[in-house]
Amino acid sequence: MDAVINMLTLWAESNDSVRAMLLTSSRAKLDASVDDLSDFDVLLIVSDITPFHTDRSWIKDFGRVLVAYWDPVQGVPEVPEFSMVGSVVQYENDYHIDFIVWPIGIIQQIVAAQNLPDGLDDGYRVLLDKDGLADSLPAPTCTAYIPKKPTEAEYLQCIEYFFSDIPYVAKCLWRDELAPAKWCLDYDMKYNFLFKMLEWWIAHQHDWAICVGVNGRGMKRHLPQEYWVELEATYCGADIDSNWDALFSSITFFRQVAIEVGQYLEYTYPHALDKGVTAHTERVRAKSH
C-alpha cells in the first residue's frame with residue numbers, strides 16, 4: 001500500500017494542475033478490512049478537469065494499464081453547478097485505482113456548506129493539499145452508508161416487493177426460461193430485497209452502527225454460520241430443478257430473517273401474503289412435473 005500511495009503523492013506533487021489529493025473508501029478507514037487487492041479510491045482536486053478527460057494518457061504514469069473505464073463528464077449531485085469525471089483503472093501489476101477528478105470549486109462549496117457528500121463522510125485521508133483546500137473539511141462521521149431503521153411502511157414494502165417477484169420466477173422456471181428466472185432470482189430478489197432485510201438484521205445486532213459493504217461484501221463476517229449456510233442454499237447453477245430448490249430456499253430464508261427483523265422493530269410480518277404466494281408457487285412447480 002505505501003508504495004502505491006507514495007507513487008501517487010510524488011506524481012501529484014509534480015503536477016501543477018493537481019492542487020489536492022484525498023484517499024477515500026476502505027483504505028482511508030482505520031477499522032476497514034483491506035487486502036492486497038483492495039481498491040485505491042483517489043480523489044484528485046484540480047484546477048481544470050478538462051485536460052484530465054481529453055488527454056487520458058496520465059493514467060499510464062502509474063503502471064501498465066490492463067483495462068480502464070471512463071465515466072462521462074457529469075454533474076455532482078451535491079454541487080450541481082460543477083462537473084466531475086472519473087476513471088476506473090486496473091493495472092497489470094494487480095493494483096486497482098478508482099480516480100475521481102473534481103474542480104477546486106466543488107471542495108470549496110463543500111467546505112462552505114460544512115456538509116460532506118456520502119463518499120467523503122464514509123472516510124477520507126488527505127494525502128496532499130498544496131493550498132489548504134481541505135483544511136476546513138468536516139471530519140467524516142463514517143455513518144453515510146450505515147442502514148437506518150426502516151419504518152413499518154419500508155419494512156412491509158420490502159416484503160411485498162420480494163413476494164411480488166416470486167410468481168414471475170416460478171412462471172419462468174415452469175416455461176424453462178432460465179435467463180429471466182436467474183435475473184429475477186439471483187439479482188432482483190436477492191440483492192434488492194433479501195440483502196436489504198439481511199442488512200437490517202445485521203445492523204440491529206450492532207445497534208445500527210455498522211455497514212456490511214456494497215453488494216453484501218462483508219455479510220459473511222457478520223452472519224451466524226447457520227445463516228450463511230442458508231444463504232448459500234439460495235445460489236445454484238443452470239439446472240431448472242436446482243433453481244426451483246433455490247427459489248424455495250430463498251422464500252424460507254427471507255421469511256425467517258424478515259420475521260426476526262419485524263420482531264426486533266415490533267412490526268407485524270404479513271403471514272397471509274407469504275402463505276398465498278408460497279402456495280401458488282408450489283402449485284406452479286407441481287405442474288412442471
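Values quoted throughout were computed directly from the atomic coordinates according to the rules given, and no laboratory measurement underlies them. Not measured: the values here are computed from a predicted model. Here the Cβ positions follow ideal geometry from the backbone for every residue, glycine too, while neighbour counts run over all protein chains shown.
Quick look at the numbers
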| quantity | calculated |
| --- | --- |
| Selected from Ala272, Ser14, Gly119, residue furthest toward positive end of dipole (the chain; charges at beta carbon) | Ala272 |
| Estimated FRET transfer efficiency (Val67, Asn15; beta-carbon r; R0 22 Å; 0.05) | 0.40 |
| Global form of the chain, assessed from the alpha-carbon gyration tensor, a/c cut-off 1.5 | prolate |
| Hull-based mean projected area of the range 90-229, where the convex hull spans the alpha carbons, in square nanometres | 13.4 |
| Excluding exposed DSSP-loop trypsin sites (Lys or Arg not before Pro) (at most 14 other C-beta within 10 Å), longest clean stretch of the chain | 218-289 |
| Long-range Cα-Cα pairs in the range 2-129 (distance over 18 Å), rounded percent | 52 |
| Fully extended contour minus Cα-Cα distance, from Gln157 to Asn93, at 0.36 nm per residue | 18.5 nm |
| Cα Rg over Rh - the range 152-287, Kirkwood | 0.96 |
| Alpha-carbon centroids, the range 46-117 and the range 220-284: separation in whole Å | 41 |
| Compactness index (Cα Rg / 2.2 N^0.38 Å), the range 234-289 | 1.32 |
| Acute angle (nearest 10 degrees) that the helix 240-265 long axis makes with the longest principal axis of the chain, alpha-carbon atoms | 80 |
| Between 0 and 90°, nearest 10: helix 104-113 axis offset from the chain longest Cα axis | 70 |
| Degrees between helix 195-205 axis and first principal axis of the chain (Cα, 0 to 90, nearest 10) | 80 |
| Per-residue Cβ neighbour rank within 10 angstrom, fewest leading, Val18, Val111, Val214 | Val214, Val111, Val18 |
| Other-chain or far-sequence residues with amide H under 5 Å of Val46's (modelled H) | Arg19, Trp102, Ile104 |
| √(5λ) per eigenvalue of the Cα gyration tensor, the range 56-124, largest first, Å | 27, 13, 9 |
